[in-house]
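Novice: First the structure, then my questions, so here it is.
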Amino acid sequence: MIIAIDGSAASGKGTLARNLAHAFHLAHLDTGLLYRAVGLKLLSQDKSLHDEETAIEVAQSLTFQDLRDPDLRGDFAAQAASQIAIIPGVRAALLDFQRNFAKHPPQPYQGVVLDGRDIGTIILPDADFKFFVTAQLEIRSNRRVQELASRDLPADYETVYADMLARDQRDQERAIAPALPAKDAIIIDTSYLNPQEVLEIASQIILEKMKLSGQNNSIKPIL
Ligand code: C5P
């Protein structure tokens, strides 16, 4: 089973991906971490985010170990990620990483959930299920402020809102792999839903689709 989830920052796509992975016993890859890791590695080597050659080398040599750095979760890494994400060679290198993961999920898993910006459109266009998760910008900004505050990090609404708007625009308007829903993706607006409700909606859609296509209907997700 291959599930592709795309969406904007703080839309709840990562939470849905984690929850679906648990519910259907699938391996999960948060592909944003790949871009964040490339951005942070460049900066830690005192390189510019516009240094395309080094960025591509870093992307080509990325390992799972690189995805464990706790600093990847911060907004600094997010902004760096969205700047190197426009480099075609970086995207090409990370495309192989992501497709490999989907083709050869780590043991004991037999399927995957990938979440990002171009999973349903570019990385896994033949995914069995595609979701595009969205929420109003004000609500996403509030969620991020709360998340930052819960980690004792500086959390100013105006700054978070402006950063998120800039990142949304950069991701949606870039020439290569813009963050847009695939034609066959199901859009879920999480603005007024909690994570459990979102999980139940997505699981229901998956089970219905499996039933309609006559696939294994003995699967019972853990909800
Ligand atoms: O999902 P996350 O917020 O961690 O992503 C950080 C940045 O990485 C995004 O703003 C986007 O620019 C880039 N990204 C991407 N394609 C993906 C995942 C992330 O371009 N599949």
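The values are calculated or read from the model by the stated rules, or taken from the named source; none is laboratory data. Predicted, not measured: the structure shown is a model, and the values here were computed from it. Backbone-built Cβ (ideal geometry, glycine too); neighbour counts: all protein chains shown. Note: areas computed on protein heavy atoms with side chains; ligands, DNA, RNA excluded. Shrake-Rupley method; radii C 1.70, N 1.55, O 1.52, S 1.80 Å.
Novice: Only helices (runs of 4 or more DSSP H) wholly contained in the stretch 1-89 count here; list those with 3 or more residues that are more than 30 Å from residue 213 (Cα to Cα).
Specialist: 32-44, 52-60, 75-84
Novice: Which residue, of 21, 55, is within 28 Å of residue 188 (Cα to Cα), of a type in the set (A, V, I, L, M) and crowded, with 19+ Cβ neighbours inside 10 Å?
Specialist: Selected residue: 21, the only one of 21, 55 that is within 28 Å of residue 188 (Cα to Cα), of a type in the set (A, V, I, L, M) and crowded, with 19+ Cβ neighbours inside 10 Å.
Novice: Here's a follow-up. Quickly run through the stretch 58-86 and pick out the residues that are away from the ligand (no atom under 13 Å from the Cβ) and either touching a Cys at 6+ places or on another chain (Cβ under 7 Å) or open to solvent by 80 Å² or more (accessible area, probe 1.4 Å) (or both).
Specialist: Passing the criteria: 60, 64, 65, 68, 70.
Novice: Then there's this: Considering only residues that are touching a residue at least 60 places away in the same chain (Cβ under 8 Å) and open to solvent by 70 Å² or more (accessible area, probe 1.4 Å), look in the stretch 181-195 and name the one that is farthest from the chain's Cα centre (by Cα).
Specialist: 184
Novice: Additional query: For the stretch 10-32, which residues satisfy the criterion of being within 15 Å of the ligand (Cβ to nearest atom) and hydrophobic (A, V, I, L, M, F, W, C)?
Specialist: Matches in the stretch 10-32: 10, 16, 17, 29.
Novice: May I ask you to list the residues in the stretch 87-101 that are open to solvent by 10 Å² or more (accessible area, probe 1.4 Å) and near the ligand (Cβ under 8 Å from one of its atoms)?
Specialist: 91 - this is the single residue of the stretch 87-101 that is open to solvent by 10 Å² or more (accessible area, probe 1.4 Å) and near the ligand (Cβ under 8 Å from one of its atoms).
Novice: Which of the following residues is closer than 25 Å to residue 131 by Cα and of a type in the set (Asp, Glu): 75, 51?
Specialist: 75
Novice: Output the number of the condition that residue 49 fails; it satisfies all remaining conditions of (1) open to solvent by 50 Å² or more (accessible area, probe 1.4 Å); (2) more than 19 Å from residue 122 (Cα to Cα); (3) within 12 Å of the ligand (Cβ to nearest atom); (4) more than 17 Å from the chain's Cα centre (by Cα).
Specialist: All conditions are met except number (1).
Novice: Right, next: Can you tell me which residue is farthest from the ligand (Cβ to nearest atom) among those in the stretch 114-138 that are more than 20 Å from residue 92 (Cα to Cα) and in contact with a strand residue (DSSP E or B) (Cβ under 7 Å, 6 or more places away or on another chain)?
Specialist: 128
Novice: Moving to a separate point now. Of 35, 109, which residue is within 28 Å of residue 201 (Cβ to Cβ), modelled with pLDDT of 95 or more and more than 10 Å from the ligand (Cβ to nearest atom)?
Specialist: 109
Novice: Can you pull out every residue in the stretch 160-173 that is in contact with an Asp or Glu (Cβ under 9 Å, 6 or more places away or on another chain) and away from the ligand (no atom under 14 Å from the Cβ)?
Specialist: Hit for the stretch 160-173 is 161, nothing else.
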